[in-house]
Amino acid sequence: MLGIVVALPDESLSLCPKRIPIGQSLALSPRIQVRVAGMGPSRAQAAAEDLYRAGARALLSWGCAAALESGLAAGTLLLPQGFVFPHGRISFLADLGWWSHLHRILAGVRPLVTAPLAGSDRVLATLAHKRALHKATGAAAADMESAFLAGWAAERRLPFLAVRAIADTATTPVPKAILTADDGRGGISLPKLGLGLLRQPRQIKEAIALGRKFRAAHARLAQAAQCLLPQGFGLPC
């Protein structure tokens, strides 16, 4: 069985018509199960453990990512060949056979980038944070789950891949109102976000711009899902 880890409920909508709440799973087929973890490394690894106990013997990380390279536009699809942590001290490779299969399936989805994906244990809120991580890793983009899941899968000798799409570009800051809207479960509290924007109305324009970029990422993920679902995500087990 393939286990797919998704951080946020809204990201799950690119895979299925039903919004999956944090901490819950949904079967896309008898051999594919999606679990929404909430943001962050520990939540992602806990979701992977749940999927493993349910029978998953291959793991896929799915969702949005932050661009580190300036040329990556919102909506760019990522199929990274490797995963790296800051300073390049620890790195993991995607499962080559599975990666090659998905790369062929996704041949018609453009733009598609295969450069390494960096792991971060915090939201890359500022342009300085993104520049620093790019300098430290050389990665094209980053998220808070995939590299950590790659390490988790490597320990268990499970095939691992990530399919991500760029939401915030290298020049897109994350508004502070979003950073302070954590719901305590790794998600975004809309009431907190609304209150934060009311208190800091100058951030409304930034939040709207980020929302447009997220929709571009969601559309690209949905396009990828339309290619991958009929092929069972090229399931290697």
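The values are calculated or read from the model by the stated rules, or taken from the named source; none is laboratory data. This one's a predicted model, so the numbers in the text were calculated from it and none came from an experiment. Please note: Cβ atoms are built from the backbone with ideal geometry, for glycine as well, and neighbour counts cover all protein chains shown.
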Number of positions in segment 96-109 that are assigned to a loop (DSSP other than H, G, I, E, B) and free of Cβ contacts under 8 Å to residues at least 12 places away in the same chain: 1
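Yes/no per residue for (1) free of Cβ contacts under 8 Å to residues at least 40 places away in the same chain; (2) hydrophobic (A, V, I, L, M, F, W, C):
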residue	(1), (2)
34	yes, yes
47	no, yes
53	yes, no
56	no, yes
59	no, yes
76	no, no
80	no, no
85	no, yes
94	no, yes
Residue check, residue 66 under 25 Å from residue 22 (Cβ atoms), in a helix (DSSP H, G or I) and within 15 Å of the chain's Cα centre (by Cα): no
Output for segment 157-177, where each listed residue is farther than 24 Å from residue 78 by Cα and either modelled with pLDDT of 95 or more or touching a strand residue (DSSP E or B) at 6+ places or on another chain (Cβ under 7 Å) (or both): none
Selection from segment 94-141 of residues that are surrounded by fewer than 20 Cβ atoms within 10 Å (Cβ to Cβ) and of a type in the set (Gly, Ala, Ser): 97, 100, 107, 108, 115, 125, 128, 132, 136, 138
All positions within segment 138-155 that are touching a Lys or Arg at 6+ places or on another chain (Cβ under 9 Å) and assigned to a loop (DSSP other than H, G, I, E, B): 144, 145
Check on residue 51, surrounded by 21 or more Cβ atoms within 10 Å (Cβ to Cβ), closer than 27 Å to residue 116 by Cβ and among the hydrophobic types (A, V, I, L, M, F, W, C): yes
Residue match in segment 82-100 (condition: in contact with an Asp or Glu (Cβ under 8 Å, 6 or more places away or on another chain), of a type in the set (A, V, I, L, M, F, W, C) and at pLDDT 95 or above): no
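Okay, residues lined up against (1) touching a residue at least 40 places away in the same chain (Cβ under 8 Å); (2) surrounded by fewer than 19 Cβ atoms within 10 Å (Cβ to Cβ); (3) farther than 15 Å from residue 220 by Cβ:
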| position | (1), (2), (3) |
| --- | --- |
| 5 | yes, no, yes |
| 18 | no, yes, yes |
| 22 | yes, no, yes |
| 29 | yes, yes, yes |
| 37 | yes, no, yes |
Single condition residue 184 does not satisfy, out of (1) part of a loop (DSSP other than H, G, I, E, B); (2) closer than 24 Å to residue 43 by Cα; (3) at pLDDT 80 or above; (4) of a type outside the set (Val, Ile, Thr): (3)
Pairs with Cβ under 6 Å, 6+ apart, first in segment 114-137 and touching a residue at least 40 places away in the same chain (Cβ under 8 Å) and in a helix (DSSP H, G or I), second buried (at least 16 other Cβ atoms within 10 Å of the Cβ) and small (Gly, Ala, Ser): 130/170; 133/118; 133/142; 137/118
